[in-house]
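Here is the structure we will look at, set down as structure tokens.
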Ligand SMILES: NC(=O)c1ccc[n+]([C@@H]2O[C@H](COP(=O)([O-])OP(=O)(O)OC[C@H]3O[C@@H](n4cnc5c(N)ncnc54)[C@H](OP(=O)(O)O)[C@@H]3O)[C@@H](O)[C@H]2O)c1
């Protein structure tokens, strides 16, 4: 009997994490996840799947990941990289197709973007080329190529843009591209198409365009605002360059320039369905309307149930936090030691540290964090706007304002790696020892500029880090009190 092993690549990304949960809920599949950093897979998930660590740029790891696989999901892109991501995307897809053929995989399922080659932006072109490379040997391997436009779901980049603009700007000056038509789709429906592609009764290559009603970005903004009970005024202007629009987006949304400009470029020309294969081959899926998908995404946010976010992964050539969990090579440090002395436990203090950032902020000197975040944002960084996925829980790889969680040892250690623009590398570590908290800011300066930066902010560190360590310990008492009340 043929094996029904399913491989999910990109399993730590926005789509991949959600697909993993969907297929685990389904319960009928043997799942293997291919990830670049196994520590990004949550323990609860890791217990139920096989994990193959590897990269599409590393052939032996690909061969291992694909052994005995029936259907392989290709949910990878290289857009975050500095070098030409189109070349990397082609190379990655080529390696994957060859390795799938060598391993005897029956079917590849790929999720790309809507759009036609003649008018596609660089990002969309790369997504189209990826599909073409994967489908280059139809006699040897079958490819189901799903093509989606804007995906609406909690934590998706497009939804974050729509939501933030609708919430923050009662009046908006809108450029021409906001009137171009596209066909958005709810993340829930994307997952249904992906899931149903495993057992689809069809044995040739198939391109399936998926989406709901035709809407412009302007219409989406208005409808999203209505769902949130807000009235918004959009004033069209004939000229507002895509570059200016992208700056506008980075100021008012958590999205960095690279993503904002890819989105704006992508919306300059129509991205609508080119075939009716979704309704023909997947008749049981009735896509949600745009407003229904906004309602669902809002509910997930309100209920603090965000499974993945656009900033979980990097698209860089290697995982952005792999091997960044050991700051012992740092040459400059700010160490604060706070003994507990008030009945706190290491576990309470750890939990208190895990609640930092996002809407709660960074305690008394939050204003300095905000200024740092603003400076980061205007110099092309993430700033504080990414916030956090959930109010309490953190997992390795989660974005936390301008940090990324590089290591978690339950009840003992939280290590954050700085992704702000810096002349060096920095970490913030909370080492929750049995009797005391040792909080350390580690820094590896880049040349003289790095050292000058560090010493120039020593007075601010003295205020901020001292308060932070003390308040993390003090608040842990309140947290353990709350836990006690609940029991
Ligand atoms: N999200 C959307 O709104 C959207 C809309 C339309 C289409 N799509 C398509 O859906 C697919 C998945 O997108 P996504 O948003 O889920 O991306 P994502 O969140 O950026 O995740 C990308 C994933 O790929 C992994 N990865 C990157 N390069 C790799 C390599 N060389 N080898 C192995 N793994 C690698 C990353 O691992 P690390 O965690 O280690 O970085 C991460 O798990 C893409 O083809 C995209 O075009 C997405």
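Computed over the Cα atoms of the range 115-244, what is the convex hull's projected area averaged over all directions, in nm²?
Here the figure is 9.5 nm², rounded to one decimal.
Label-point separation (nm) for residue 370 and residue 26, each offset 7 Å from Cα along Cα-to-Cβ?
Roughly 4.7 nm, to one decimal.
Please work out how much length the chain gains when fully extended from residue 410 to residue 318, using 0.36 nm per residue of separation minus the C-alpha to C-alpha distance, in nm with one decimal.
30.6 nm
If you average the alpha carbon positions of the range 266-280 and of the range 369-424, how far apart do those two centres end up, in angstrom?
36 Å
Using only the Cα atoms of the range 410-454, what do you get for the radius of gyration and for Dmax, in Å?
Both quantities, over Cα of the range 410-454: 12.9, 38 Å.
Test of understanding: express the Cα radius of gyration of the chain as a ratio to 2.2 N^0.38 Å, with N the residue count.
It is 1.01.
Tell me the angle of helix 187-199 to the major Cα principal axis of the chain, expressed in degrees between 0 and 90 and rounded to the nearest ten.
The two axes meet at around 50 degrees.
Using a Förster radius of 51 Å, what is the FRET efficiency between residue 207 and residue 393 based on their Cβ-Cβ separation? Nearest 0.05, please.
That pair, residue 207 with residue 393, gives E of 0.85.
Let me make sure I get this right: for the range 286-365, a, b and c are the square roots of the gyration tensor eigenvalues over alpha carbons, sorted descending. Under 1.5 in a/c it's rounded, otherwise prolate if a/b > b/c, else oblate. Which is it?
oblate
Between residue 91 and residue 289, what is the label-point separation in nm under the 7 Å Cα-to-beta-carbon projection?
A separation of 4.8 nm, rounded to one decimal place.
Which of the three applies to the range 1-112, rounded, prolate or oblate, going by the alpha-carbon gyration tensor with a ≥ b ≥ c and a/c under 1.5 meaning rounded?
oblate
Where the convex hull is taken over the Cα atoms of the range 327-486, what is its projected area averaged over directions, in nm²?
Orientation-averaged projected area of the Cα hull: 9.1 nm².
Taking the C-alpha atoms of the range 405-482, how large are the radius of gyration and the largest Cα-Cα span, Dmax, in Å?
14.4, 47
Between residue 460 and residue 252, how many nm apart are label points set 7 Å from Cα along the C-beta direction?
2.8 nm
Given the range 5-302, what percent of its DSSP beta bridges are antiparallel, to the nearest 5?
So the antiparallel bridges in the range 5-302 amount to around 5 percent.
Order the peptides 153-159, 315-321, 166-172 from the highest to the lowest mean number of other Cβ atoms within 10 Å of their residues.
153-159, 315-321, 166-172
Give the separation of the Cα centroids, the range 32-103 to the range 322-363, in Å.
The distance from the Cα centre of the range 32-103 to that of the range 322-363 comes to 33 Å.
Quick one: if you take sqrt(5λ) for each eigenvalue of the C-alpha gyration tensor of the range 197-343, what semi-axes come out, biggest first, whole angstrom?
Computed over the range 197-343, the values are 38, 25, 21 Å.
How long are the semi-axes of the equivalent ellipsoid of the range 77-148, taking √(5λ) for every eigenvalue λ of the Cα gyration tensor, in whole Å from largest down?
Three semi-axes, in Å: 21, 14, 9.
Where a number appears in this text, it was derived from the coordinates with a stated rule and is not lab data. Bear in mind that the values here come from a model prediction, so they are computed numbers and not experimental data. All Cβ positions, even for glycine, are placed from backbone atoms using ideal geometry, and neighbour counts span all protein chains on display.
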